[in-house]
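Structure first, then comments.
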Amino acid sequence: MSKIKIGILAVQGDVTENFLATMASMSELGIDGAVVQVKTVEQISSLDGLIIPGGESTVIGQMSLVNGAIKKIKEKIESGMPVFGICAGMVFLSKNSQDRVVGNVDQPLLDILDVKIERNSFGRQKDSFEAKISMEPIGISSFNGVFIRAPSVSETGSDVEILAKFNEKIVAVKQGNILATAFHPELTRDISLHKSFVKLVDNQS
Amino acid sequence: MIPLSGDIPNSKGAICENVDSNSIVRGTSTLKRGFAHMLKNGVVMDVTTVEQAQIAEEAGAVSVMVLDKLPSDVRKVGGVARTASIRIIEEIMDHVTIPVMAKCRIGHMYEAKVLDETNVDMIDESEVLTPADEYRHIWKWDYTTPFVNGARSLAEALRRVEEGAAMIRTKGEPGTGNVAEAIYHIKKVNEELRAIKSIYDSDDKQDLVKMAREFKVSYDLVEETARIGRLPVVNFAAGGIATPADAAYLMSLGCDGIFVGSGIFKAEDAQERARAVVLATTFWEEPDKVKDAQKMIDERQSLLGLDIKNLELKMQDRGSTV
């Protein structure tokens, strides 16, 4: 079996936390593979899976546009590479995003996850919260959701599976090889979500 | 990894409540420090108006910091520098999607409460403003909104973390356009971190106790910091950064990100410079990209800058001994 290679998009945001959670997942699953921080088109080309971490979606989008990474990422996902978008990563993957207060913002998106996003959906930082989330469709019954100025999904396309809701707002979705959450699993000690992503990548390659 | 737990028992800023039938908690250390983690590898820009905030957002700033006057003007005008007008802060919050921070005076509990009520995303207890209490900083565990504090030594940084700061910025000398002090202080903090890490690795508990007494912080915090070999919260560089090369250099010294004050909006090419500083911060590991960023700015339009030796007011001294 070939070694799998998972990249963490290292443009902006909490890259290290995702790097460590992915490393821990691989070792716990006994999967032979590498985790790398990626930024350039060449680095992205060689990946079997990609995590787009939390951060500011406007910055991650704009800076990925500068060096052409955005085009490469889209191309790779379209050809079947699994991707996991967290918070800003979820916004970046989406086809459509609006801010709850400001409304339309002209920001680069990957335009691939068939959802409409409401940015800063739960309010500002003071409204950020932790709460129990259940993701039954992927076998995770209880997960500590860390929501930081989190987005939510306001509309989903027909191919999008809803994995979790919180107070009627959609906070985790799956569309084929695309996994996306509004909360931050990398800020908890629970690596079950990262593990299910690593398994997804491993099954693909 | 930077530990996110660190809550003190019964911290007033952490609030449990029920939303519909779900119980949630706000203002925990994970949420406050976690917020700072989302800013990593980014640039926070000082702004005084909505227009500047929008320029910053379009340039790729990760957050904006609202002030009444930019630090170099605070220096020029003199008098008492206070927190910015709430109306301007709110107006900026309504016009940008990125987080909005604001400064309060050192020790001014009620300026902080006002900013907490205003719902800014982070409060900077800052030496750029005139200190309200020379002897005591704010007890930041009492607030749901996270705080960032300045520090120019490891001891100062850990004292602020112990008071509840969720993020540190190593100080430079604000409003000077001179990066020398920012470089000096991050190097100093790095050196001090290496020193306590080596004490930890040699398993000399007694020496760590001695350090805790010297730093005037708890043993547990010193031990935890020594174990991980870095500050236990996200650390940005601040003060005197004026060019893309300044930003890239500080990133290379291990800073998690950059605060730019007067460097951008006191330059004559603010829009280009804002973009250039973000590019240099993102791609600091690639010198050709830093060069491209540096090429976007015109040195003749930089903030003129001040020699630190001749300064009457050294903002960095404020609040650093307690």
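Some notes on this structure:
- Three principal axis extents describe the C-alpha atoms of the stretch B:39-305; from largest down they are 54, 45, 32 Å.
- Each distinct pair of alpha carbons in the stretch A:1-88 adds a 1/r term; the inverse of their mean, the Kirkwood radius, is 13.1 Å.
- Spatial offset of the stretch B:206-222 relative to the stretch B:291-322 amounts to 33 Å, using the alpha carbon center of each.
- Pairwise centroid distance, computed over Cα atoms, of the stretch B:137-159 with the stretch B:65-111, Å: 18
- Coarse-grained scattering of the stretch B:177-313 at q = 0.10, 0.18, 0.20, 0.21 Å⁻¹, given as base-10 log I(q)/I(0) from a Debye sum over alpha-carbon atoms: -0.43, -0.94, -1.05, -1.11
- Over the residues of chain B, the helix contribution to mean residue ellipticity at 222 nm works out to -12500 deg cm²/dmol, using -39500 (n - 2.57) for each DSSP H run of at least 4.
- Scaled radius of gyration (Cα, divided by 2.2 N^0.38 Å) that the stretch A:133-176 gives: 1.13
- Screening chain A for whole DSSP H helices with an alpha carbon extent of at least 15 angstrom along the helix axis and a mean Kyte-Doolittle hydropathy of at least -1.0 yields A:15-29, A:192-204.
- Accessible surface buried upon B-A contact (total; probe 1.4 Å; Å², nearest 100): 3700
- Relative contact order of the stretch A:1-97, defined on C-alpha pairs under 8 angstrom at six or more residues apart (%): 32
- Label zone of A:Ser27 (point 7 Å out along Cα→Cβ, amide N under 20 Å): in the stretch B:196-218 this covers B:201.
- What you get for the stretch B:142-244, charging only the Cβ of Lys and Arg (+1) and of Asp and Glu (-1), is a dipole of about 260 debye around the Cα centre.
- Across B:Gln271, B:Gln52, B:Gln206, mean-square fluctuation computed from a Gaussian network of chain B (C-alpha pairs under 10 Å connected) peaks at B:Gln206.
- Average Cα contact separation per residue, the stretch B:39-305, under 8 Å, 6 or more apart, as relative contact order %: 19
- Selected from B:Ile196, B:Ile168, B:Ile258 as most flexible by GNM, with chain B as the system and alpha-carbon contacts under 10 Å: B:Ile196
- For chain B, the membrane-span-like helices by this rule, meaning whole DSSP H stretches whose C-alpha atoms cover at least 27 Å of axis and whose Kyte-Doolittle mean is -1.0 or above, are B:180-201; this says nothing about an actual membrane.
- The protein assembly as shown, Cα convex hull volume normalised per residue, Å³: 142
- Counted over the protein assembly as shown, the DSSP beta bridges are approximately 35% antiparallel.
- The alpha carbons of the stretch B:57-209 give a radius of gyration and a Dmax of 17.1, 54 Å, in that order.
- Cα centroids of the stretch B:5-19 and the stretch A:132-205: 25 Å apart.
- Geometric extent, Cα atoms of chain A - Rg, Dmax (angstrom): 15.5, 49
- Heavy-atom accessible area per residue - the protein assembly as shown, 1.4 Å, Å²: 38
- Calculated [θ] (222 nm, deg cm²/dmol) that DSSP helices of n ≥ 4 give over chain A, each run adding -39,500 (n - 2.57): -8500 deg cm²/dmol
- Mean Cα-pair separation over length for chain A, i.e. relative contact order, pairs under 8 Å, 6 or more apart, %: 20
- FRET efficiency estimate (nearest 0.05) - Cβ-Cβ, A:Ser79 to B:Asn10, R0 45 angstrom: 0.25
- Inter-chain Cβ neighbour average for residues B:21-34, partner chain, 10 Å: 6
- Interface residues in the stretch A:79-110 - accessible area drops by 40 Å² or more relative to the isolated chain, probe 1.4 Å: A:Val102
- Expressed as a whole percent, the accessible area of the protein assembly as shown that falls on carbon and sulfur atoms is 47 (1.4 Å probe).
- Candidates A:Glu155, A:Glu28, A:Glu56, ranked by Gaussian network fluctuation over chain A, Cα under 10 Å, top entry: A:Glu28
The values are calculated or read from the model by the stated rules, or taken from the named source; none is laboratory data. Nothing here was measured: the structure is a model prediction, and the numbers come from that model. Because the Cβ atoms are built from the backbone with ideal geometry, glycine has one as well, and the counts that use them run over all protein chains shown. What goes into the accessible areas is simple: the full protein's heavy atoms, side chains included, and nothing from ligands, DNA or RNA. Shrake-Rupley method; radii C 1.70, N 1.55, O 1.52, S 1.80 Å.
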